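To start, the structure under review is shown below, and the notes come after it.
The values are calculated or read from the model by the stated rules, or taken from the named source; none is laboratory data. Since the structure is predicted, the reported quantities are computational estimates derived from the model, not experimental observations. Backbone-built Cβ (ideal geometry, glycine too); neighbour counts: all protein chains shown.
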Amino acid sequence: MKRNRSIPPVQVIPVLTYPDVEAAVAWLRDAFGVTEHVRIGPNHRAQLMFGTGAIIVADATRERVAPSGEGVTHSLIVRVDDVDSHFSRARARAEVLMEPTDTPFGERQYTVRDLAGHRWTFSQTIADSEPESWGGTTVTPYP
């Protein structure tokens, strides 16, 4: 992949819509520890990094709308080194949907809803679990 300082250096970049981009960036920084790298316009878009991953926060214009109601149209899973420590930071700002929980597939996870209604699951690997051990099927092994 060629380097371009105008876009995050990752292969997949979710774009989340918020009614107020500046407020969303401040909230995501304070609640989850993201780092803002590029701002486009005063309240149009922002490119954020979370470790080696990235998200773009976009305004609610054109066909983009922020979540509304209780339906889930999408969610994010972000891998972190220490779920419990991360949760202690996020719980003061986000609506907790699931407290940190160990899963049969080798992850410790918690889920929260952010200020605009997006669902975020933060996940820490606690074991190398073969998919067949919990009912999954390996189709193509990860490298």
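Need pairs with beta-carbon distance below 8 Å; first residue in contact (Cβ under 8 Å) with a residue 24 or more places away in the chain and within the range 6-29, second part of a helix (DSSP H, G or I) and among the small types (Gly, Ala, Ser); sequence gap 6+ or separate chains.
Listed by first residue and then by second, the contacts come to Leu16/Ala24; Tyr18/Ala24.
Considering Ala46, Ala26, which residue is exposed (fewer than 14 other Cβ atoms within 10 Å of the Cβ) and hydrophobic (A, V, I, L, M, F, W, C)?
The unique qualifying residue is Ala26.
When the residues of the range 63-98 are filtered to those that are polar (S, T, N, Q) and in a loop (DSSP other than H, G, I, E, B), which remaining residue is farthest from Ile126 (Cα to Cα)?
Per the criteria, the residue is Ser68.
Being of a type in the set (D, E, K, R), in contact (Cβ under 8 Å) with a residue 40 or more places away in the chain and farther than 22 Å from Asp128 by Cβ is the filter here, so list the residues in the range 63-112 that pass it.
Arg64, Arg89, Arg93
Between Arg93, Arg108, which is under 16 Å from the mean Cα position of the chain (by Cα), modelled with pLDDT of 95 or more, closer than 13 Å to Ala31 by Cβ and of a type outside the set (Phe, Trp, Tyr)?
On the way: Arg108 fails: closer than 13 Å to Ala31 by Cβ.
Testing whether each residue is under 16 Å from the mean Cα position of the chain (by Cα), modelled with pLDDT of 95 or more, closer than 13 Å to Ala31 by Cβ and of a type outside the set (Phe, Trp, Tyr) leaves just Arg93.
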